[in-house]
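Here is the structure we will look at.
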Amino acid sequence: MSDSNTPGPGVPQVPDVPQVPDVPQVPDIPQSADVPPAAQQTPPVRPMAGDTTPPPGSGTPTAAPTPTPAAPTPPPAYYGAPATPPPAYGAPPAASYGRAPTAKQPILSILSLVAGVIGILGFPIVFIPIAGGILGLFVPAAAVVLGFLGRSREPQARGFWLTGIITGFVAVGLALASILIWAVVFASVPSGYSY
């Protein structure tokens, strides 16, 4: 029986410690001291509307512009890197990823719209004698009140509060008509009592 750790006749010998190749050295970037920082390339300036200075190369001689020291350029922003440092502890977070701050939702106007639609769709409840008409007044009345509150506090949601006011008034009218009709019906029914 042979030992499985010893290599056979056709197997190459493996060294005990693997050899790591040397890492190549990166050459240094040559620094030239004879080029001033103002002589670096600058992008061409586009003329503004109403600018009376001719564009460069138009044939009219102009005085050479005085070079201004270039402002240091910020390091490039890497993908996913935050553009600003994170806020301090307890500070409100800044809007991230270019989104605008969310606008306040027109809650009163939306509730007015919903209550007005429920008042119209819940109209069959007014056919319950007297109690149905009274119960049918609460939700549409809430639609009217919330609609007028939304009108004063949320003028940008005009469609919501206006629809709530209109449907609320229609549902209140149906409920009042139901109460009136049931009162007439009960008043016209003869009583079975005779004295």
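The values are calculated or read from the model by the stated rules, or taken from the named source; none is laboratory data. Given the structure is predicted, the values throughout are model-derived calculations rather than measurements. When we count neighbours, we look across all protein chains shown, and the Cβ atoms used for this are built from the backbone with ideal geometry, even at glycine.
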Result of the Cβ filter at 9 Å on segment 139-166, keeping first residues that are among the polar types (S, T, N, Q) and partners that are in a loop (DSSP other than H, G, I, E, B) and surrounded by fewer than 24 Cβ atoms within 10 Å (Cβ to Cβ), at least 6 apart or interchain, is Gln156/Ala103; Gln156/Pro106
Is it fair to say Ala175 is more than 20 Å from Ile125 (Cβ to Cβ), at pLDDT below 95 and part of a helix (DSSP H, G or I)?
no
Could you go through segment 133-147 and let me know if any residue there is part of a helix (DSSP H, G or I), modelled with pLDDT under 95, surrounded by fewer than 17 Cβ atoms within 10 Å (Cβ to Cβ) and among the small types (Gly, Ala, Ser).
no
Residue identified as over 17 Å from the mean Cα position of the chain (by Cα) and modelled with pLDDT of 80 or more among Pro106, Pro129, Pro124
Pro124
